[in-house]
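The values are calculated or read from the model by the stated rules, or taken from the named source; none is laboratory data. Every value quoted in this text rests on a predicted model; they were computed, and no experiment measured them. Note that each Cβ is placed from the backbone with ideal geometry, even for glycine, and that neighbours are counted across all protein chains shown.
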Amino acid sequence: MRSYILMISLPLFAYLKNRSGMLFKDIIGQEEIKKKLIKTVEENRISHAQLFSGPEGAGCLPLAIAYAQYISCENRSGNDSCGTCHSCLKYSKLIHPDLHFILPVASTPKVKEPLTDKFLEEWRVSFLENPYLNPAEWYKAIGLDNKQGFINVAESYEIIRKLSLKSYESEYKVVIIWLPEKMNKPTANKLLKIIEEPPSKTLFLMITENSTNILPTIYSRVQMIRIPKLEEAEILLTLQQKFDFEEVKMKDAAHLADGNYLKALNVLERAEENKLHFEKFTTLMRLCWTNDIPEILNWVEEIARVGRESQKQFLDYGLRIIRENFFININQGISDVINRMTQYESDFSVNFSKFIDKNNVFGITNEFNQASLHIGANANGKIVFLDMANKLVKLIKK
Ligand SMILES: [Zn+2]
């Protein structure tokens, strides 16, 4: 699974400082969805079990929480929560007593019997720092390392217990289930009855990035809200409002993001690294084309000195550029739909794509993949890259 873990702390969400909670206006794009959600409240036809389904970085989770806050707001307008009432203030810290969470978790050195409530502090910090967070970031925040989180049957007992109590402060009790696909069968079976016949004024808002993995018994009982990926222009506008990077970098990030805001942030943070990979890659291709053995040896010496992780990232980078160039070659030109490249990569590819065709693309791709496998298996970097360069010379020269 790819993960977009933020490496440096960017001032992502200024609104978190003004403590008004998750307002619709702070969510990127999705105007039609917002209108539809607001309409359900205005027309008093809020469905008691809803599934927000959309790709990573589209905003399903912040939308569901903004919706819950709007329903609970004591002074809402026709288009947003007030941000200042008693309820909104509690939502701004995710501490409203009628807002419950069920999240994927697992045992950690500190928590032996995992249950969402034992990770609520981490959840508040993680979500408030970045409402667009993905599962990998969440698992990292609670110290799961390479483990996955699950929703186990203890959560079902706990939520049934909580829902049997009366609402504290709001008309509605809201249960946010983030990633219902992480439920196993016993958990789902236990929850079914209460989802089918919930206590009055109880809402289940589920959020998924992978609706096909949800157990059918749950899936068939929810009203589906499909959240589309974001528009490139919406992502660009958000980046421009929040950050102070060079314009061309933000344009590249919005373009490469492919509708995923989280990915746009990641691209911005990795812009420097990307540029270095690009330089290494273009140098290698030029040297292989001219069959410049002494310089190829220098190039190999250089890459053999960087860490294995970096070597693997370089190889991944190379695979992406090769793939894009092959697409350009067979489509006879750079098409915006499939072209996911920065400006400088596109400029380079105008010529380079002529050299990547159906006769060599599989061979070249195979060399990069093999090198990646060998590096992953701790083979000697110098030998791996020298071998790869030798074969590329033959594959690229025609
Ligand atoms: Zn309010």
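Structural remarks
- Of the criteria (1) under 21 Å from Leu179 (Cβ atoms); (2) touching a Phe, Trp or Tyr at 6+ places or on another chain (Cβ under 8 Å); (3) more than 12 Å from the ligand (Cβ to nearest atom), which one Met22 fails: (3)
- Residue-level check: of (1) closer than 19 Å to Lys182 by Cβ; (2) out of contact with any Pro (no Cβ under 9 Å at 6 or more places or on another chain); (3) not in a helix (DSSP H, G or I), Glu158 misses just (3).
- Cβ-Cβ contacts under 8 Å between residues 6 or more apart (or on different chains), taken from a first residue in the range 130-156 that is at negative phi to a second residue that is among the acidic types (Asp, Glu), are listed as Asn130/Glu137; Asn134/Glu56; Asn134/Glu209; Pro135/Glu209; Tyr139/Asp145; Ala141/Glu122; Ile142/Glu122; Ala154/Glu113.
- Any chance Arg124 is at negative phi and either away from the ligand (no atom under 16 Å from the Cβ) or surrounded by fewer than 19 Cβ atoms within 10 Å (Cβ to Cβ) (or both): yes
- Matching residues in the range 106-116 - criterion: being at pLDDT below 95 and either of a type outside the set (A, V, I, L, M) or in a helix (DSSP H, G or I) (or both): Ser107, Thr108, Pro109, Lys110, Lys112, Glu113, Pro114
- Inter-residue pairs, beta-carbon under 8 Å, first closer than 19 Å to Leu236 by Cα and in the range 9-33, second among the basic types (Lys, Arg) and at pLDDT 95 or above, 6+ apart: Phe24/Lys34; Ile27/Lys34
- Residue match in the range 312-330 (condition: of a type in the set (Ser, Thr, Tyr) and either part of a loop (DSSP other than H, G, I, E, B) or assigned by TED's automatic domain parsing to the domain that holds Lys358 (or both)): yes
- Being in a helix (DSSP H, G or I), surrounded by 16 or more Cβ atoms within 10 Å (Cβ to Cβ) and touching a helix residue (DSSP H, G or I) at 6+ places or on another chain (Cβ under 9 Å) holds for only one residue in Leu237, Leu287, Leu230, Leu297, and it is Leu287.
- From Val337, Val350, residue being assigned to a helix (DSSP H, G or I), modelled with pLDDT under 95, surrounded by fewer than 18 Cβ atoms within 10 Å (Cβ to Cβ) and of a type outside the set (Gly, Ala, Ser): Val350
Yes/no matrix, rows are residues, columns are (1) closer than 19 Å to Met22 by Cβ; (2) out of contact with any strand residue (DSSP E or B) (no Cβ under 8 Å at 6 or more places or on another chain):
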{"position": "Ser47", "(1), (2)": "no, no"}
{"position": "Phe52", "(1), (2)": "yes, no"}
{"position": "Gly59", "(1), (2)": "yes, yes"}
{"position": "Ser72", "(1), (2)": "yes, no"}
{"position": "Arg76", "(1), (2)": "yes, yes"}
{"position": "Asp117", "(1), (2)": "no, yes"}
{"position": "Val125", "(1), (2)": "yes, yes"}
{"position": "Pro131", "(1), (2)": "yes, yes"}
{"position": "Asp145", "(1), (2)": "no, yes"}
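- Failed criterion for Glu56 (all others in (1) within 16 Å of the ligand (Cβ to nearest atom); (2) in a loop (DSSP other than H, G, I, E, B); (3) touching a helix residue (DSSP H, G or I) at 6+ places or on another chain (Cβ under 7 Å) hold): (1)
- Restricting Asn134, Asn130 to those that are in contact with a Ser or Thr (Cβ under 7 Å, 6 or more places away or on another chain) and either of a type in the set (Ser, Thr, Tyr) or surrounded by 16 or more Cβ atoms within 10 Å (Cβ to Cβ) (or both) reduces the list to Asn134.
- Candidate set from the range 84-105 (those that are assigned to a loop (DSSP other than H, G, I, E, B) and within 27 Å of the chain's Cα centre (by Cα)); member that is nearest to the ligand (Cβ to nearest atom): His96
- Single unsatisfied condition, Ala68 versus (1) closer than 28 Å to Ala264 by Cα; (2) more than 16 Å from the ligand (Cβ to nearest atom); (3) of a type in the set (A, V, I, L, M): (2)
- Criterion: in contact (Cβ under 8 Å) with a residue 60 or more places away in the chain and within 29 Å of the chain's Cα centre (by Cα) - qualifying residue of Ile396, Ile296, Ile375, Ile328: Ile375
- Tallying residues that are crowded, with 17+ Cβ neighbours inside 10 Å, of a type in the set (S, T, N, Q) and in contact with a strand residue (DSSP E or B) (Cβ under 8 Å, 6 or more places away or on another chain) within the range 168-205 yields 2.
- Tally, over the range 353-370, of residues that are surrounded by 13 or more Cβ atoms within 10 Å (Cβ to Cβ) and assigned to a loop (DSSP other than H, G, I, E, B): 3
- Residues in the range 153-186 that are among the hydrophobic types (A, V, I, L, M, F, W, C) and closer than 25 Å to Lys90 by Cβ: Ile159, Ile160, Leu163, Leu165, Val174, Val175, Ile176, Ile177, Trp178, Leu179.
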